[in-house]
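Structure first, then comments.
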Amino acid sequence: MNARIPKTILALLAAAGLSGAACAQEVTLRLVSAFAENGIYVQRLLPWVHKVNAEGKGVLQINFIGGPKAIPPFEAGNAVKTGVVDMALNTGAFYTNVMPEADFLKLTQIPVAEQRRNGAFDAINKVWNEKANMQYLARMVENQPFHIYTNKKVDKPDLSGQKIRITPVYRDFFQALNANVITTPPGEVYTALERGVVDGYGWPIGGIFDLNWQEKTKYRIDPGFYDAEVSLVMNLPAYRRLTEPQRAYLHKQLLALEAENGFWVKYASDEVARQEKAGIQAIRFDAATAKAFRDKAYDIGWASAIKQSPEIAGRFKTLFSK
Ligand code: 173
C-alpha cells in the first residue's frame, strides 16, 4: 500500500512535468489568407492546416484567423513583415508595397520542386529574408497561367479602348497591349464588372466561379501567360524562434503541401470546360500570334523586373527560366 503512494505521486509529477514540457514545446502560429475563404486556394489550404494540427499536437499548431475580412489583401504582406500575424497565404503581386521583387515569382517557368533543387528557392529566401523580413515557406499553386477575361471581343492582341482590372502582375503587359488599367483586390472585381467600371480583368485559368465572375464574363483570351504564384510566407523572427523539432515538422508538412501541386493541372482543364459550359467563349489567335503574345508577356515581365531591381532580377532570371 505504502509503496504505491510515492509511485502515484511520482507518476503525477512525471505527467505534470511532461505536459509542462510539452506545452513549452508547442507553438501556435497565426495564419491569414489574402485570398477569399471560399476560394479554391483556401479550400485546399484548410485541410492541410487540419492535418498539421492533428499530427502536430505538442509541437506546432496553426490558427487560421481568416481571409480578406480579417486583413485586406494588399495589407497581408506588411502584416507578415511586422509580425502582426505569423503566416500568410499570399501572392507577391499583393505585397509589392513591401518590395517590388515580390511580384517576380510569377515569372518562374520551372516547378517549385525544381526551384528547391537548383538554388532558386534559396535565392528567393535570401531576398525575402533581407528585404521583407519574411521566410518564403512553400508554393502551393502551380500550373495556373493568367488570362485576360473581357466582355469586349478582340481579333488580335490589342486592348485599345478597354478598361481592365489589374494587380501588379499584369500592369506592364496590359499597358503594352494598350489597355487602360485599374488596380483592385479580387473582392471588388464583381462590382466593377457589374457597374461597367471595367470591361475585363486579369485572373488565372482557375477560380473565376468562386466569386461568380462567370455571370459577368463573355470572353477569355488565350493563351495564358506567367504562372500564378500563391505561397505561404512567414514572419522571419517567428520562423527563427521555432525550435529545431518545430522547424523540421513544419518543413515536412510544407513539402507534403507542395507534393499535392499536381492537382492544378487537372483543375486548369476542368475550369476551361466549366467556363465553356457557362458560355464564356475562348478567343484564340493563330500559332504565330499566340507565341508572340506569350513571349511578349515574358519579355515585358522581365524587362520591368530588371528595371525595378536589376541585380536580383538578373539572378532570378537564370534560376527561374527553362
Ligand atoms: O488578383 C490577381 O489577379 C492576382 O494578382 C492573382 C495572383 C495569384 C493568384 C490569383 C490572382
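Values computed for the structure shown
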{"read-out": "Selection status of Ile166, within 29 Å of Asn261 (Cβ to Cβ) and open to solvent by less than 20 Å² (accessible area, probe 1.4 Å)", "value": "yes"}
{"read-out": "Any pair with Cβ under 7 angstrom, 6 or more apart, that starts in the stretch 54-72 at a residue that is on the phi > 0 side of the Ramachandran plot and assigned by TED's automatic domain parsing to the domain that holds Ala93 and ends at one that is part of a loop (DSSP other than H, G, I, E, B) and among the charged types (D, E, K, R)", "value": "Gly58/Glu26; Gly66/Glu37"}
{"read-out": "Scope the stretch 192-222; condition more than 14 Å from the ligand (Cβ to nearest atom) and outside any strand (DSSP E or B); matching residues", "value": "Glu194, Arg195, Gly196, Val197, Asp199, Asn212, Gln214, Glu215, Lys216, Lys218"}
{"read-out": "Any hit, the stretch 248-260, residues being in contact (Cβ under 8 Å) with a residue 24 or more places away in the chain and within 14 Å of the ligand (Cβ to nearest atom)", "value": "no"}
{"read-out": "Any chance Pro245 is open to solvent by 10 Å² or more (accessible area, probe 1.4 Å) and in the same structural domain as Gly67 (by TED's automatic domain parsing)", "value": "yes"}
{"read-out": "Any hit, the stretch 138-155, residues being polar (S, T, N, Q), buried (at least 23 other Cβ atoms within 10 Å of the Cβ) and more than 18 Å from Arg294 (Cα to Cα)", "value": "no"}
{"read-out": "Test: residue in the stretch 59-68 that is of a type in the set (Phe, Trp, Tyr), over 16 Å from Phe320 (Cα atoms) and not in a helix (DSSP H, G or I)", "value": "yes"}
{"read-out": "Filter result (within 12 Å of the ligand (Cβ to nearest atom) and either in a loop (DSSP other than H, G, I, E, B) or open to solvent by 10 Å² or more (accessible area, probe 1.4 Å) (or both)) within the stretch 169-180", "value": "Val169, Tyr170, Arg171"}
{"read-out": "Condition met for Thr82 (within 16 Å of the ligand (Cβ to nearest atom) and either hydroxyl-bearing (Ser, Thr, Tyr) or open to solvent by less than 20 Å² (accessible area, probe 1.4 Å) (or both))", "value": "no"}
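The values are calculated or read from the model by the stated rules, or taken from the named source; none is laboratory data. Note that the structure is predicted; figures quoted are calculated from it, not measured. Neighbour counts run over all protein chains shown; Cβ positions are idealised from the backbone, glycine included. Each accessible area value is taken on the protein alone, full model and side chains, heavy atoms only, with ligands, DNA and RNA left out. Shrake-Rupley method; radii C 1.70, N 1.55, O 1.52, S 1.80 Å.
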